[in-house]
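To start, the structure itself, in C-alpha cells.
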There are 2 protein chains.
Amino acid sequence: MEKKIITISREFGSGGRTIGHLVAEKLGIPFYDKELVEHIALESGFAPKYVEEHGEHSPGGSIFSYAFAHQSVPGVMNGLSTADFLWNVQCSVILQLAEKGPCVIVGRNADYILKDREDTLHAFIHASKEFRADRIVRLYGESEKSPETRLAEKDKRRKVNYHHYTGRTWGMSQNYDISLDSSVLGVEQCADILVSLMNVEK
Amino acid sequence: MEKKIITISREFGSGGRTIGHLVAEKLGIPFYDKELVEHIALESGFAPKYVEEHGEHSPGGSIFSYAFAHQSVPGVMNGLSTADFLWNVQCSVILQLAEKGPCVIVGRNADYILKDREDTLHAFIHASKEFRADRIVRLYGESEKSPETRLAEKDKRRKVNYHHYTGRTWGMSQNYDISLDSSVLGVEQCADILVSLMNVEK
C-alpha cells in the first residue's frame, strides 16, 4: 500500500520534530506540529498553551481542572474530564487532517489514532540519553533541573498518556512500521530513510 | 562510526532470517545462523540440535538437565547450569566471530553481546501476526498446534531468554538502531534499507 501520510512519534530530545520537518520539506507536504495545537485549541476552546502542555502528557483529570473546565463551558464537554475531552478533540482533528491529503504529523499519539489508515507510515525516533541531554540544553537552554531529570519526566508523562489512551506500551517496536535511533544514524539520514518509504508525488 | 557488522533480532516468522541472508549476499559477507549453532556446539560439546533448541529459549536450567550435563562433562561447566554454560559459550563465540571481520549475525541475543562494538548495527525485524502465521505454515508446514499458538510460544520463550540474560525487554525500539515491520515494508525493502546503512566495501 502506498504511503502518503507519516506519523512521527519521538522521545523528547531525539530530533524527531526536526526529522519530521525535513521529511515534509523534502516531500513538499504540510507539517503538523504547532499547527496541530492551534487546530485542537480552536476546536476545543482551550488555550493553545494548555493544549500543548496537556495533549500528550499524563491524563491531567485533576478534580480542579475538571470542575473548572466544566463550569467554563457548561454542557459542551458532556461530563468528560478535560483530559478525555481534549483526547476526543485531538482524535477528531487528526482524522480530519489526514483526510485532507499527504502530510507529516508529529506526536499526539497520531500513530494510534491513524492505525487503521493503510496509506499511513508510522515512525518512532529515539536516541541515546547523552545525545538527548545535549540536544535539549542546546535547543531549549539550561533550567534548574538537570537535563537527565527533564528527559525522565517528559518521557514518563508521554508514556503514561500513551498507555492510558491506547493500551499500548510506548516505544515498543511493534507499534510502529519503522523505529530509528537518531543518535546512531543521524538526523539527516533518518529523514532520508523515511522519505524513501513514502509515495508522494513531488 | 562506520558499520561493518550487523546483528538481526527477529520475531518468529517475520522473515528476519531471510532478510539477514539477503543482506549478507548483497554485501558479500559471511552470514552466521546455522554456522553459529555449529560453532557453539563445537565449543560447548553439546549437540547442534540441543544448541539450536536452547540457545535463544527460556533458560532451561531444570534440575535434570543440570545434573545430567554436570555428570557428563565433570568439571568443565564450573558448576554452571547448562543454560548458563551455553550462554557463556555463545557470548564467547559471537565476540570471536565479530573480531574476524564484517558479517551478519542472526538471533542469539547478539545485539546485547555486541552492544559495545561501535562498528555494529543492531536491527530488529517484526511483522503482523497474520503475516507471520501465514509465513510459518508456508515455510515449516502445518503442525498439530495452530500457527497462532506456535508464534505465541516461540515469542514467549525468546522474550524470557532475552530478559533473563540481558535485563532488557525484548522488542523495545531502544534496544536497536533500527526496527522494521517486514509485513508493511516487505522483505526485499527491509534488506535494502539495512544494506544502505552498512559501510562494507563490496
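I need a count of the residues in region A:143-155 that are more than 14 Å from the chain's Cα centre (by Cα) and more than 14 Å from every other protein chain (Cβ to nearest Cβ). Lay out the reasoning, then the answer.
Pass one, region A:143-155, residues more than 14 Å from the chain's Cα centre (by Cα): A:143-153.
From the residues that got through so far, the ones that are more than 14 Å from every other protein chain (Cβ to nearest Cβ) too are A:143-150, A:153.
Count: 9.
(1) within 18 Å of the chain's Cα centre (by Cα); (2) more than 14 Å from chain A (Cβ to nearest Cβ): which one isn't true of B:Ala133, the others all being true?
Result: B:Ala133 fails condition (1) only.
Of all residues in region A:6-52, how many are small (Gly, Ala, Ser) and out of contact with any helix residue (DSSP H, G or I) (no Cβ under 9 Å at 6 or more places or on another chain)?
Of all residues in region A:6-52, those small (Gly, Ala, Ser) come to A:9, A:13-16, A:20, A:24, A:28, A:41, A:44-45, A:47.
Keeping just the survivors that are out of contact with any helix residue (DSSP H, G or I) (no Cβ under 9 Å at 6 or more places or on another chain) gives A:24, A:28.
Of the residues in that region, 2 qualify.
So that you can scan it fast, the table gives a plain yes or no per residue for (1) in contact (Cβ under 8 Å) with a residue 12 or more places away in the chain; (2) out of contact with any Ser or Thr (no Cβ under 9 Å at 6 or more places or on another chain); (3) under 19 Å from A:Ile6 (Cβ atoms):
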{"position": "A:Ala98", "(1), (2), (3)": "yes, no, yes"}
{"position": "A:Gly107", "(1), (2), (3)": "yes, no, yes"}
{"position": "A:His122", "(1), (2), (3)": "yes, no, yes"}
{"position": "A:Ser128", "(1), (2), (3)": "yes, no, no"}
{"position": "A:Lys145", "(1), (2), (3)": "no, yes, no"}
{"position": "A:Arg150", "(1), (2), (3)": "yes, no, no"}
{"position": "A:Lys154", "(1), (2), (3)": "yes, yes, no"}
{"position": "A:Tyr162", "(1), (2), (3)": "yes, no, yes"}
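Inside region A:156-169, can you point out the residues that are within 14 Å of another protein chain (Cβ to nearest Cβ) and surrounded by 20 or more Cβ atoms within 10 Å (Cβ to Cβ)?
A:Arg158, A:Tyr162
Go over the candidates B:Glu99, B:Glu118 one by one and state the one that is of a type outside the set (A, V, I, L, M), away from chain A (no Cβ under 14 Å) and either out of contact with any His (no Cβ under 8 Å at 6 or more places or on another chain) or on the phi > 0 side of the Ramachandran plot (or both).
Working: B:Glu118 fails: away from chain A (no Cβ under 14 Å).
Going through B:Glu99, B:Glu118 in turn, just one is of a type outside the set (A, V, I, L, M), away from chain A (no Cβ under 14 Å) and either out of contact with any His (no Cβ under 8 Å at 6 or more places or on another chain) or on the phi > 0 side of the Ramachandran plot (or both): B:Glu99.
What tally of residues in region A:170-202 results from selecting those that are more than 8 Å from chain B (Cβ to nearest Cβ) and assigned to a loop (DSSP other than H, G, I, E, B)?
Qualifying residue count for the region: 7.
Could you check A:Ala110 against (1) surrounded by 14 or more Cβ atoms within 10 Å (Cβ to Cβ); (2) out of contact with any helix residue (DSSP H, G or I) (no Cβ under 8 Å at 6 or more places or on another chain); (3) more than 14 Å from chain B (Cβ to nearest Cβ) and say which number it fails?
(2)
Residues of region B:100-112 being farther than 21 Å from B:Arg158 by Cβ and either modelled with pLDDT of 95 or more or part of a loop (DSSP other than H, G, I, E, B) (or both), which ones? Working first, answer last.
As a first pass, look at region B:100-112 and keep what is farther than 21 Å from B:Arg158 by Cβ: B:100-103.
Residues satisfying the conditions are B:Gly101, B:Pro102, B:Cys103.
Answer yes or no: is there a residue in region A:137-157 that is at pLDDT 95 or above, touching a Phe, Trp or Tyr at 6+ places or on another chain (Cβ under 7 Å) and not in a loop (DSSP other than H, G, I, E, B). Write out each step before concluding.
Filtering region A:137-157 for residues at pLDDT 95 or above gives none.
Looking for residues that are at pLDDT 95 or above, touching a Phe, Trp or Tyr at 6+ places or on another chain (Cβ under 7 Å) and not in a loop (DSSP other than H, G, I, E, B), one finds none in region A:137-157, hence no.
The values are calculated or read from the model by the stated rules, or taken from the named source; none is laboratory data. The structure presented is a predicted model; accordingly, all values stated were derived computationally and were not measured. Note that each Cβ is placed from the backbone with ideal geometry, even for glycine, and that neighbours are counted across all protein chains shown.
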